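Asker: This is the structure I have questions about; it appears just below.
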């Protein structure tokens, strides 16, 4: 009797979770957006423990006669599916553990598929259908990550068929997000040797945003993750496509991720455009690119503790001094937290350039307005601005710095002649 009561209670809890999923609540994306147009993909093994469902998952009711669903019904099969979620055997045998995991997930797929067949055309069972899809996709994901080629293809096929069935449904969104997680996992593991995974991640992120435009927070979160991954691996066109989609599709979104993507895009597209850069100096003055009209300008983002900068500073300073008489100007943008750190560094390395440094501590480090506006993510970073005030390069390397400076100065002098 107790076992039947617990099964009935567990079914009630699962259906409560189903209602929760279908309500579109609880998007936990890091974009900071919230609203009823988003959902949270909860792995099947965690459905009972969703923090948002604590009120539903209380102790089972008293020992009364259970009201079980009819045997063979979708609700009954859901209880049977739950029985498949037993702990895997405690063993250090990786082969045995992998086999057990495959068996468990295949059983879940069988039960989830049975529920889907019984509910996919019944409007009143849409919530139960959604829970079954969640279980199905999670099980397929587990098998796909174990190397099961059939499961890998099924993730794509299911995402397509569920979208075709009901384009704006929670089930379709769940399938797309689980597919995205599969691709992201492979991208994180193999992107160095197989950059195609990153391209696919960007593609699927854009597809999600296009197919589910009302799930704004989740779409922005996926596009941010894909865009940053692509940018950090040198796939700038793919990154720019992700950032651009956010700018065009969600122009009013002011979440942290959306704002950052706008700055990343600004940085990526700045080459060949006029640079707007200005700020307070460490001496208490003010400096602007506009102060040096007609001059070639080197912009250097740095901080005193950066190992790579410490290796480069003498060489960069040498080039700055060598070409100063030819009109080269340098503006440093410092990212240190404390002013004494900058002063101590400048005592050891007496740089003759103007340094942008904010007196307000809240505007230092990565919160420096110049850094935030242009989406600077790593230092040291050097930009070159030509005599017309346009950015000639937004990623100058030390080994080519002198050559590029010489070329720009030569062009500026020939223009005057």
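Asker: Among the numbered criteria (1) outside any loop (DSSP other than H, G, I, E, B); (2) farther than 30 Å from residue 238 by Cβ; (3) free of Cβ contacts under 8 Å to residues at least 40 places away in the same chain; (4) touching a helix residue (DSSP H, G or I) at 6+ places or on another chain (Cβ under 9 Å), which one does residue 88 miss?
Answerer: Single failed check for residue 88: (1).
Asker: I need the full set of residues from region 277-302 which are surrounded by 14 or more Cβ atoms within 10 Å (Cβ to Cβ) and part of a loop (DSSP other than H, G, I, E, B), in order please.
Answerer: Passing the criteria: 277, 282, 295, 296.
Asker: Filter region 374-401 for residues that are exposed (fewer than 15 other Cβ atoms within 10 Å of the Cβ) and within 29 Å of the chain's Cα centre (by Cα) and give the result.
Answerer: Result: 378, 395, 397.
Asker: Taking residue 345 as the residue in question, decide whether it is out of contact with any strand residue (DSSP E or B) (no Cβ under 7 Å at 6 or more places or on another chain), modelled with pLDDT of 90 or more and closer than 25 Å to residue 315 by Cα. Walk me through how you get there before you give the answer.
Answerer: On the way: out of contact with any strand residue (DSSP E or B) (no Cβ under 7 Å at 6 or more places or on another chain): yes; modelled with pLDDT of 90 or more: yes; closer than 25 Å to residue 315 by Cα: yes.
So residue 345 passes the test.
Asker: For region 200-235, which positions are assigned to a loop (DSSP other than H, G, I, E, B) and either outside the structural domain of residue 262 (by TED's automatic domain parsing) or over 23 Å from residue 169 (Cα atoms) (or both)?
Answerer: Hits for region 200-235 are 233, 234, 235.
Asker: Can I ask one more? For region 172-194, state whether one or more residues are in contact with a helix residue (DSSP H, G or I) (Cβ under 9 Å, 6 or more places away or on another chain), over 30 Å from residue 232 (Cα atoms) and touching a residue at least 60 places away in the same chain (Cβ under 8 Å).
Answerer: There is no residue in region 172-194 that is in contact with a helix residue (DSSP H, G or I) (Cβ under 9 Å, 6 or more places away or on another chain), over 30 Å from residue 232 (Cα atoms) and touching a residue at least 60 places away in the same chain (Cβ under 8 Å).
Asker: With 370, 376 as the choices, which residue is part of a loop (DSSP other than H, G, I, E, B) and touching a strand residue (DSSP E or B) at 6+ places or on another chain (Cβ under 6 Å)?
Answerer: Selected residue: 376, the only one of 370, 376 that is part of a loop (DSSP other than H, G, I, E, B) and touching a strand residue (DSSP E or B) at 6+ places or on another chain (Cβ under 6 Å).
Asker: Filter region 161-178 for residues that are surrounded by 13 or more Cβ atoms within 10 Å (Cβ to Cβ) and over 18 Å from residue 213 (Cβ atoms) and give the result.
Answerer: Result: 165, 178.
Asker: Please go through (1) surrounded by fewer than 20 Cβ atoms within 10 Å (Cβ to Cβ); (2) assigned to a loop (DSSP other than H, G, I, E, B) for residue 404 and return the number of the only condition it doesn't satisfy.
Answerer: The failed condition is (2).
Asker: Quick one: how many residues across region 303-328 are surrounded by 15 or more Cβ atoms within 10 Å (Cβ to Cβ), within 21 Å of residue 371 (Cβ to Cβ) and touching a helix residue (DSSP H, G or I) at 6+ places or on another chain (Cβ under 8 Å)?
Answerer: Within region 303-328, residues that are surrounded by 15 or more Cβ atoms within 10 Å (Cβ to Cβ), within 21 Å of residue 371 (Cβ to Cβ) and touching a helix residue (DSSP H, G or I) at 6+ places or on another chain (Cβ under 8 Å) number 4.
The values are calculated or read from the model by the stated rules, or taken from the named source; none is laboratory data. For clarity, every value in this text was computed on a predicted model and none was experimentally measured. Using ideal geometry, Cβ is built from the backbone for each residue, glycine included, and neighbour counts are taken over all protein chains shown.
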